[in-house]
């Protein structure tokens, strides 16, 4: 190897390489803290058992909208989705549902959609629709799944289960059981996720 390259080239390459490392570290430290570690601070109070997720893609299974048309979570790509899987005869579901309506009102200008999908038999569709309308004052759209596919596909451990997806349709967090989704802490969590492009 020529002396000039050895003498000046290798130290120059090390300096340039070191600069790339410094720039990369600086850039990473200035990214919004919405990864698992950044959202841990919201796992308190009602949301103490919030589980942070590693970006699993939303399932593609279909469920019905209010008109009976098949839709999927992919129809909401570009929005933050707060998916709530519930059952009408579930007391914790009924208890938390009004707070999901209030959450939707609080974040409606942030590109967030609360998608409450009820799972039940066909014969209870209309009763379930009426209950949702009553519990949320008509704020939330009605979605219904007679196959229970949304519960199976997401790995819901019980009802209610709430799963939060980012704008790319990737799971960010999930919560099993009832919670006050209109609390200051819950709204701040959703707004932080929504603020990340």
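Here is a list of conditions, (1) more than 19 Å from residue 138 (Cβ to Cβ); (2) assigned to a loop (DSSP other than H, G, I, E, B); (3) at pLDDT 95 or above, and residue 55 meets all of them except one; can you say which number that is?
Only one criterion in (1) more than 19 Å from residue 138 (Cβ to Cβ); (2) assigned to a loop (DSSP other than H, G, I, E, B); (3) at pLDDT 95 or above is unmet by residue 55, namely (3).
Test residue 193 against the stated conditions and say whether it is under 10 Å from the mean Cα position of the chain (by Cα), crowded, with 20+ Cβ neighbours inside 10 Å and over 21 Å from residue 71 (Cβ atoms).
Yes: the conditions hold for residue 193.
Considering only residues that are assigned to a loop (DSSP other than H, G, I, E, B) and touching a helix residue (DSSP H, G or I) at 6+ places or on another chain (Cβ under 9 Å), look in region 171-197 and name the one that is farthest from residue 104 (Cα to Cα).
Here the residue is 177.
Which members of region 50-60 meet the condition of being surrounded by 12 or more Cβ atoms within 10 Å (Cβ to Cβ) and in contact with a strand residue (DSSP E or B) (Cβ under 7 Å, 6 or more places away or on another chain)?
50, 51, 52, 53, 55, 56, 57, 58
Report, ordered by the first and then the second residue, all pairs with beta carbons closer than 6 Å, sequence separation of six or more or different chains, a first member in region 115-139 that is farther than 26 Å from residue 190 by Cβ, and a second member that is assigned to a helix (DSSP H, G or I).
That search, which allows pairs on different chains as well, returns 120/128.
Output the residue which, of all residues in region 61-80 that are in contact with a strand residue (DSSP E or B) (Cβ under 8 Å, 6 or more places away or on another chain) and over 14 Å from residue 117 (Cβ atoms), is surrounded by the most Cβ atoms within 10 Å (Cβ to Cβ).
80
The values are calculated or read from the model by the stated rules, or taken from the named source; none is laboratory data. All values derive from a computational prediction rather than experimental measurement. We place every Cβ from the backbone using ideal geometry, glycine too, and count neighbours over all the protein chains shown.
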